[in-house]
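See below for the structure under consideration.
Where a number appears in this text, it was derived from the coordinates with a stated rule and is not lab data. A quick note: this is a predicted structure, and the numbers were derived from the prediction, not measured. Reconstructed Cβ throughout: ideal geometry from the backbone, glycine too, with neighbour counts over all protein chains shown.
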Amino acid sequence: MDQSQLNDLFLRQLTLSAVREGETVSVLTRGHERLDYADAALWAAGKLGANVFHLRLPTAQDASGAWAVGDSGLGTNPVAVEALKQSDMLIDLTFLLFSKEQFAIQDAETRILTVVEPAPLLARLMPTPELRERVEVGAELLAKAQTMRITSPGGTDVVYQLGVYPTMSEYGYTDTPGRWDHWPAAFVFSGGADDGVDGTIVLSPGDVLLPFNTYVQTEVTLTIENGLITDIRGGLDASLLSSYIKSFDDPRGYGMSHVGWGLDERAHWHGLTQFPGGMGMELRSVYGNVMFSIGPNNELGGPNDTPCHFDIPMRNCTLYLDDEPIVVDGDVVVDDMKPAARR
């Protein structure tokens with residue numbers, strides 16, 4: 001994408017995120033990654049009258065290829081963390097999520113926006129206030145619920161006991177002190193009690209394994225007891241999923257983490273074929289998808305900070321909150337969460 005177009009995208013984004021004159025905005029990068037994004041963010045923040053600086057970390061040294069979440073590159077650099085804590089807004093171009101350093105920066109009331117997806121996707125899924133309103137409706141419903149049940153034609157039937165962890169909303173921008181969001185995103189989620197997830201999840205062909213960034217080809221059956229995966233059965237996909245978790249040598253990698261549903265009708269299920277270099281945020285946001293996560297729940301305040309993490313968006317599921325249908329066969333059925341054209 002032309003740099004001037006990228007500049008315009010970030011100007012629109014930072015306007016939504018309420019960047020204003022006199023604020024301090026920091027931009028975090030690592031190595032040579034996303035320096036064009038950094039330039040666009042610096043230009044846009046300056047255009048809005050903010051004081052802005054760019055903090056660039058060395059390239060990550062781990063060449064294992066594993067997506068070990070929580071490694072921010074800031075763990076041995078408290079001076080850098082303190083500098084970021086002094087800003088009103090941090091534009092994270094590295095993916096700090098699940099790291100202790102991100103939590104410390106948020107605790108200082110710095111709002112954080114993560115931006116790691118390809119530029120055409122940022123443009124197509126530019127957040128809107130209307131989308132935010134619909135996501136917040138979902139968050140309100142989820143926050144009141146005590147149970148979530150998910151079923152599917154393939155055989156999924158799993159129940160999450162809610163009420164222990166907070167509800168989180170992602171709508172693609174952040175204008176509130178201490179709040180994190182991800183551009184692009186349209187997703188509402190919470191987590192089950194640490195020992196309060198039980199049942200069976202069946203992954204069907206066409207569901208998605210992130211961070212593999214691949215579509216499921218062969219059915220996978222997961223048995224969950226007291227918040228832990230106790231059995232993984234199936235063909236090649238089951239074998240790959242199982243071996244990846246085992247590679248971390250951490251039993252907490254079998255823990256059940258956050259769960260929720262997507263609300264962006266502009267997002268495409270075939271997004272991985274268009275943008276194989278991203279992190280799959282489009283799939284997480286697809287309207288009516290139901291996604292569950294395996295591994296860390298420390299982003300919700302839980303004790304599990306394992307680096308082993310999976311997000312698994314699923315199609316055609318039905319999701320109930322306290323026995324009330326929210327998503328039915330992959331379609332949102334609550335009017336206030338639907339875009340105007342679908343009501």
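In order along segment 231-247, the Karplus-derived 3J(HN,Hα) couplings, from 6.51 cos²θ - 1.76 cosθ + 1.60 at θ = phi - 60°, round to 7, 10, 10, x, x, 4, 4, 5, 5, 5, 4, 5, 5, 5, 4, 4, 5 Hz, and Gly and Pro are given as x.
Take the alpha carbon gyration tensor of the chain, find the square roots of its eigenvalues, order them as a ≥ b ≥ c, and report rounded if a/c is under 1.5; if not, report prolate when a/b exceeds b/c, else oblate. Prolate is the answer for the chain, as a/c is 1.5 or above and a/b outweighs b/c.
For segment 23-35, the Karplus equation 6.51 cos²θ - 1.76 cosθ + 1.60, evaluated at θ = phi - 60°, returns couplings of 6, 10, 10, 10, 10, 10, 10, 9, x, 9, 6, 6, 5 Hz by residue, with Gly and Pro reported as x.
Spin-label model, T223 to Q86: label points 7 Å out along the Cα-to-beta-carbon direction sit 5.7 nm apart. Taking a ≥ b ≥ c as the square roots of the eigenvalues of the alpha carbon gyration tensor, segment 3-116 is oblate, as a/c is not under 1.5 and a/b does not beat b/c. Distance from the Cα centroid of segment 249-290 to that of segment 192-235 is 14 Å (rounded to whole angstrom). Using θ = phi - 60° in the Karplus curve 6.51 cos²θ - 1.76 cosθ + 1.60, the 3J(HN,Hα) couplings for segment 102-114 round to 5, 4, 5, 5, 5, 4, 7, 6, 7, 7, 10, 10, 8 Hz; x is entered for Gly and Pro. Can you grab the distance from the C-alpha centre of segment 2-57 to the C-alpha centre of segment 133-177, Å, no decimals? A separation of 31 Å, based on Cα centres.
Comparing mean-square fluctuations of S257, S26, S242 from a GNM of the chain with C-alpha springs under 10 Å, the top value falls on S242. Amide H to amide H distances under 5 Å link W261 with V188, M291, where only residues 5 or more positions off or on other chains count and H is placed in the peptide plane. Between E140 and D195, the simple spin-label model (points 7 angstrom out along Cα→Cβ) gives 3.6 nm.
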